[in-house]
Each structure stands twice: as structure tokens, then as C-alpha cells.
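Here is the structure we will look at.
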Amino acid sequence: MISNDQSNVRLIIDIAQQTLTLYRQQTKIRCYTISTAKNGIGSQQDSGCTPLGKHAIAQKIGVDQPINSVFVGRVPTGEIYDPSLADKYPDRDWILSRILWLRGLETGINKGSNDQGGCDTYERYIYIHGTPDSEPMGMPYSHGCIRMRNQDIIELFTQVIEGTPVSIVAA
């Protein structure tokens, strides 16, 4: 059940367990199986890694779009994902149904840059988003984002607001 009080919600993404847990107050509401980066943990630009640390939902994108809606550049294309579309565009990194665009909150860790260059989660376009149901969950397989089942991201989308805290932890 969705609460009207979304200000006491927070998300914990556990890379070791490949889970995203939704908390309201201090109570665990729901735990989802996810997929983080196949390249592992990291925050540098072009690393293909999932960044650690404190984040917040910067933007919610895709409200009222149909399930399996395809997004390119955070804009719905009007396409609905299916296997024939996947065959037509085999190299696309499918971003489906909803997008929760993350913003890093820790300068030099996941915001701005550090001595190795850019490390900004927002500028790296790191999202929590839907993916084809044929994609594996529970194992690192993404290009840096946090992938979820389409039904799960739609459910989660309704329970968070822009500004919801998101912690990404290694274990």
C-alpha cells in the first residue's frame, strides 16, 4: 500500500546482495532484486561502474507512460519494448517504463570531480530504471545504472519523491 507520507522514505541499494530496499521511517517496506554494474563499483566518468555513497532522487521521469515504454535520452520514444524491437536494435541499452535519475551528494566521491577526473553521478546519467524482463536480476549486468523489473520500478516510482535519499553500499 502506498503512503501519502513520502518524506520519511529512503532507499538502500546493496551491491553485494543485488537488492534495493525501501524503508519508511525505520521499517522495511519492500526489498527488490536488482542488477548493478557488470564493471563493479566506481564513480569515475566513463567507467561503466555503479557509484557508492549518499545520493538523492534528482528527477522522476516517465509518470503515466505505459509499462515497457522505451526511453532514449530520458525521452519516451513512443515505442513499447518487445522481442522484435530488441532484434531490430540489438545494441541498445534498454531503459524502460520509468527513470529515477540520481544525484550524488558527496563532493569528490559521487559529485563533481576528484584527482582522477569527473565522478558526478548526475552528469554520468546514473538512473534506477526498468529493463527488459529477459535481462537477469540478482547479478551485476548493467552499464552503471541500477536495473529493475518493470513492474517493480513502476511500484517504486509511486512511493518516492524527488529528494528521496538513496544510499548505495558495497555490502
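The values are calculated or read from the model by the stated rules, or taken from the named source; none is laboratory data. If you're wondering where the values come from, they're calculated on a predicted model, not measured in any experiment. Positions of Cβ are generated from backbone atoms using ideal geometry, with glycine treated the same way; all protein chains shown enter the neighbour counts. Surface accessibility is based on the protein's heavy atoms, side chains included, excluding ligands, DNA and RNA. Shrake-Rupley method; radii C 1.70, N 1.55, O 1.52, S 1.80 Å.
Below are the figures for this structure:
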| item | result |
| --- | --- |
| For the chain, share of DSSP beta bridges that run antiparallel, in % to the nearest 5 | 75 |
| The stretch 81-171: GluC sites (Glu not before Pro) falling in loop per DSSP and having at most 13 other Cβ within 10 Å | Glu162 |
| Binned Cα-Cα distance frequencies in the stretch 1-105 - 5 Å width, integer % | 2, 10, 15, 20, 22, 17, 10, 3, 1, 0 |
| Longest exposed-site-free window of the chain, the sites being trypsin sites (Lys or Arg not before Pro) in a DSSP loop that have at most 15 other C-beta atoms within 10 Å | 93-171 |
| Whole-number accessible area per residue in Å² for the stretch 33-84, which is evaluated in the context of all protein chains at 1.4 Å | 48 |
| Top positive-direction residue, dipole computed over the chain with Cβ charges, set Gly53, Ile153, Tyr81 | Gly53 |
| Selection from Phe71, Gly118, Gly130, by position along the positive dipole direction of the stretch 68-171 (Cβ) | Gly118 |
| Unit charges on C-beta of K, R, D, E only; dipole of the chain, Debye | 420 |
| Cut-off 12 Å between beta-carbons: net charge of the residues surrounding Glu79, Lys and Arg +1, Asp and Glu -1 | +1 |
| The stretch 52-171, accessible surface, carbon-and-sulfur percent (1.4 angstrom probe) | 52 |
| Size of the stretch 39-150 as Cα extents on the principal axes (Å, biggest first) | 44, 27, 22 |
| For the chain, calculated [θ]222 nm from helices alone, where every DSSP H run of n ≥ 4 adds -39500 (n - 2.57) | -2000 deg cm²/dmol |
| Given charges at beta-carbon only (K, R positive; D, E negative), |dipole| of the stretch 30-127 in Debye | 340 |
| Mean Cα-pair separation over length for the stretch 110-171, i.e. relative contact order, pairs under 8 Å, 6 or more apart, % | 25 |
